[in-house]
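First the structure, in the form of structure tokens, and then the observations on it.
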Amino acid sequence: MKLITKLFLICLGTQFIWPSLVFSKPKIIVASKIFTESYILAEILAQTIEDAGEAEVERKIGLGATGILFESLKSGQIDIYPEYTGTIAEIFFKNPKLQDHISLNKELDPLGLKITNGLGFNNTYALAILDSEKNKNLDKISDLRNHPKVRLGFTHEFLKRNDGFDALTNHYKLKIKNFKDMEHSLIYQSLIDGNLDIAEVYSTDAKIKKYGLRILKDDLNFFPKYQGVFFYRKNIETDFPKTYSAIKDLENNINESKMIELNAKSEIENWSFEKTASYFLKKDSEKSFVSWDLLWRRTKEHFSLVFISLMAAIIFGVPAGYFSSRYTKVGSILMALSGVLQTIPSLALLCFLIPLFGIGYLPSVIALFLYALLPILRNAYLGFSGIDSRLTESAKTLGLSKLQCLLKVEIPLASPSILSGIKISAVMNVGGATLAAFVGAGGFGAIIVTGLALNDTHLILLGAVPSALMAIGVHIFFEIVDLYCIPRGLKK
Amino acid sequence: MILIKDVSKKFENSLALDKTNLPLAEKQTHVFWGSSGSGKTTLLRLIAGLIEVTSGEIWIESQKISTSIQKQLAAKIGYVIQEGGLFPHLNAWQNIALAGLPRAWDAHQTSARINELAELVQLEIPLLTQFPAQLSGGQRQRVALMRALLLDPPIILLDEPLGALDPLVRSELQKELKRIFNKLNKTVVFVTHDIGEGAFFGHTISLFHEGSLVQHGNFRSFIEHPKNEFVTKFITAQIPPPELLSALR
């Protein structure tokens, strides 16, 4: 008894320290470059991977410049980091024509590397103006043709680059005579002070928001694409499928204004990168949890957990119930065992199973199977043992074989009880499956767990309500099954 | 001819039947009489091969009965257990047809036989779609009898078939059963604790008490030569009150 208590306490304890210490999960190393946007994206990535629950994250935030990161990724010292399509094309392949992720991935494939689709924003050079009444008819860069007298400011670099000022004016056929090259940090101030009309900026710079600037549309596609993507080792896709799909969920979810907002949170409001990242993930989760896609995926996960475990419990429990009714000694042992299983708190049971089956889908299905077993086993046992012995004798006098007796007499007679056991287990498992999220098996529980972590009632309900609805649905389904499967003569 | 030779049956520590010898002639109705626990139902189940003798032998014609041949016996013996033993999840028709399953009867054959039997026991065909719970006690017994007769077995065993019926239905069904037995001309063993029923049906009557066969013979022999005090006590136990008898005279 003492041993059991101890085991149980150990188990409870491990629930709190488990993610970092007790069970060594595989690791994914997340890195970033040395500027705010890269920090934030890496932290978003790290939290997303952690939430997926398949792997631990080692953060190498601010590891270095592009070259170091690329080499580290190639050699496997890091697994993933935020990058820009334009950078990969220019720095790695010296080929600015590689614009879209398909052609880039083709080049990266032999290296065992890959990029995701765009995250939804483009961090490139851009021209910004004050978003004021005076500038309201300036919308795109080609509008500048009608305003040859505007004063333009840009960095020294922009003046010298091949794709810099000269190329821009050629491309758009602009005749701007009044321009200045200066330090990047001074450009904004000059714009605000009214010494400049137009400034060359980075399109997701936090200061755009801070100073109330507006970016002119690059309507003739002059600036190269610097789409934010995650750059990763391909084995992530196969080794961590759940993690991979969570990362894919980030695609197209961060548009420019969102990225500017996030940069501003960290740079201007001095939020920690962790805070900014969780702020984003919460906003994002609200958005994506309303998205039917994710809800559908969670529904499928949840349903699969419930369905597989229930099926296993039926396949094992009903025959076991039958044999228990025939061989009462074995039966009483089985019954006692399943009774004991039922008394183990579900989280503790999940915990017990982790050393045996790891985390994720399998231990969750096994735990749910064990929970579903008792009602099914017990009701099947009651159903079979409750059959009037005169009826089985009657079947015998008709010369029915054991199998005929089982199929034609015993199963139909026990069916109301068997079905009610299945119904109880099914409804119970829909609820129980929400706990599976704690070991990374997904389902509606994943939404609830995120909601709890963020203290977001809205999110908790988004997980809880569908799971309640599923429970009701399952109940109704089995009422219908009752209607069709219970012999008419046995209905009251 | 059913021959019971030195048959004893023990259940755990209690002796249910003690060294019983009994010849049961063909095509007659034999009544097993006795109170509950007297051993009469035990003997019936032994004959049907549902339980194994502890010692002794039972023969039907040239076949020695044991539980190992119970399935073959099912074609030879129709058995109506107490309260009919109808399956509540099947309607009357399905209950009867189930008896054809071990012989793999087809629907046509079954249907023809059921119609024939319905006429014999005078049960209206539409009632056969009803479930047992929807039928009256008397109707249920008719269905149970039809089921026992489906394979046209030469032997019919009935265990208190009328026990659960109210007196009016019971007396009506007694006459009905007797008519059927006469018509079928089968070997019938009829277990009852009712004196009148025994007298009414039995070509021979065997009285059991606490596992022993006390007396065997026709009803008249019980009246004229009761073997001992128990026999007298048993046959007079159900005599109507004197007031009723004088009123009837």
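Coordinate-derived values only; no laboratory data. Being a predicted model, the structure only gives us computed values, none of them experimental. Note: ideal-geometry Cβ built from the backbone for every residue, glycine included; neighbour counts use all protein chains shown.
Of all DSSP beta bridges located in the protein assembly as shown, what percent are antiparallel, nearest 5? Walk me through the numbers before you get to the answer.
Details: 35 of 66 bridges.
Given both bridge residues lie in the protein assembly as shown, the antiparallel proportion sits at roughly 55 percent.
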With each label point set 7 Å from Cα along the Cα-Cβ vector, what nm distance links A:Ile192 and B:Glu12?
-> 9.6
Report, in deg cm²/dmol and to the nearest 500, the calculated mean residue ellipticity at 222 nm for chain A, where each DSSP H run with n ≥ 4 adds -39500 (n - 2.57) and the sum is divided by the residue count.
-> -18500 deg cm²/dmol
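At 222 nm, what helix-only mean residue ellipticity would chain B give, in deg cm²/dmol to the nearest 500, using -39500 (n - 2.57) for each DSSP H run of four or more?
Values: 10 runs with 92 residues, N = 249.
-10500 deg cm²/dmol, from helical runs alone.
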Among DSSP beta bridges lying fully in region B:116-249, give the percent that are antiparallel, nearest 5.
-> 50
Estimated distance in nm for a label pair at A:Ser75 and A:Lys402, the labels positioned 7 Å out from Cα along Cα-to-Cβ = 6.9
Go ahead and run the numbers for FRET between A:Asn270 and A:Leu341, Cβ-Cβ distance against an R0 of 51 Å, rounding to 0.05.
-> 0.50
Normalised contact order of chain A, rounded percent, pairs of Cα under 8 Å and 6 or more residues apart = 15
Efficiency of FRET from Cβ geometry, A:Leu356 and B:Asn115, R₀ 60 Å, rounded to 0.05 | 0.40
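For chain A, what class follows from the C-alpha gyration tensor (a ≥ b ≥ c being the square roots of its eigenvalues): rounded when a/c is under 1.5, otherwise prolate if a/b is larger than b/c, else oblate?
Values: a/c = 3.31, a/b = 2.80, b/c = 1.18.
Because a/c hits 1.5 or more and a/b exceeds b/c, chain A counts as prolate.
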Going 7 Å from the Cα of A:Leu159 toward and past its Cβ, which residues in region A:170-209 have a backbone nitrogen under 15 Å from where you end up?
-> A:177-187, A:200
Are there any helices in chain A, counted as whole DSSP H runs, that stretch 18 Å or more along their axis by Cα and score at least 0.5 on average by Kyte-Doolittle, and if so which?
-> A:2-17, A:292-326, A:328-343, A:361-385, A:411-432, A:457-485
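Taking 8 Å as the Cα distance limit and 6 or more residues as the minimum spacing, I'd like the relative contact order of region B:2-247 as a percentage. Don't skip to the end; give the middle numbers.
Numbers: 423 pairs, mean separation 68.5, N = 246.
Computed over region B:2-247, the figure is 28 percent.
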Holding the Cα-Cα limit at 32 Å, pick out from B:Lys71/B:Lys178; A:Lys265/A:Lys300; A:Lys210/A:Lys242; A:Lys33/A:Lys282; A:Lys396/B:Lys19; A:Lys25/A:Lys114 the pairs that are longer than that.
-> A:Lys265/A:Lys300; A:Lys210/A:Lys242
Relative contact order for region A:37-131 using alpha-carbon pairs under 8 Å, separation at least 6, rounded to a whole percent?
-> 17
For A:Leu216, the net charge from surrounding residues (Cβ-Cβ under 14 Å; K, R +1; D, E -1) works out to -3
Net charge contributed by nearby residues that have their C-beta within less than 14 Å of B:Ser36 (K/R +1, D/E -1) = -3
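If we count every other residue with Cβ under 10 angstrom of B:Ser212's Cβ, Lys/Arg +1 and Asp/Glu -1, where does the sum land?
Details: positive: B:Lys19; negative: B:Asp18, B:Glu210.
Charge balance near B:Ser212 sits at -1.
Against the 2.2 N^0.38 Å scaling, with N counting residues, where does region B:2-247 land? I'd like the Cα-based Rg ratio to two decimal places. The partial results should precede the final answer.
Values: Rg = 18.4 Å, N = 246, 2.2 N^0.38 = 17.8 Å.
Rg over 2.2 N^0.38 Å, computed on Cα atoms: 1.03.
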Spin-label model distance (nm) - B:Glu172 vs B:Asn185, 7 Å beyond Cα toward Cβ = 3.0
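Between rounded, prolate and oblate, where does region A:125-215 land on the alpha carbon gyration tensor, with a ≥ b ≥ c its root eigenvalues, rounded for a/c under 1.5, else prolate if a/b exceeds b/c? Present the calculation step by step, with values, prior to reporting the outcome.
Values: a/c = 1.55, a/b = 1.12, b/c = 1.38.
Oblate is the answer for region A:125-215, as a/c is 1.5 or above yet b/c matches or exceeds a/b.
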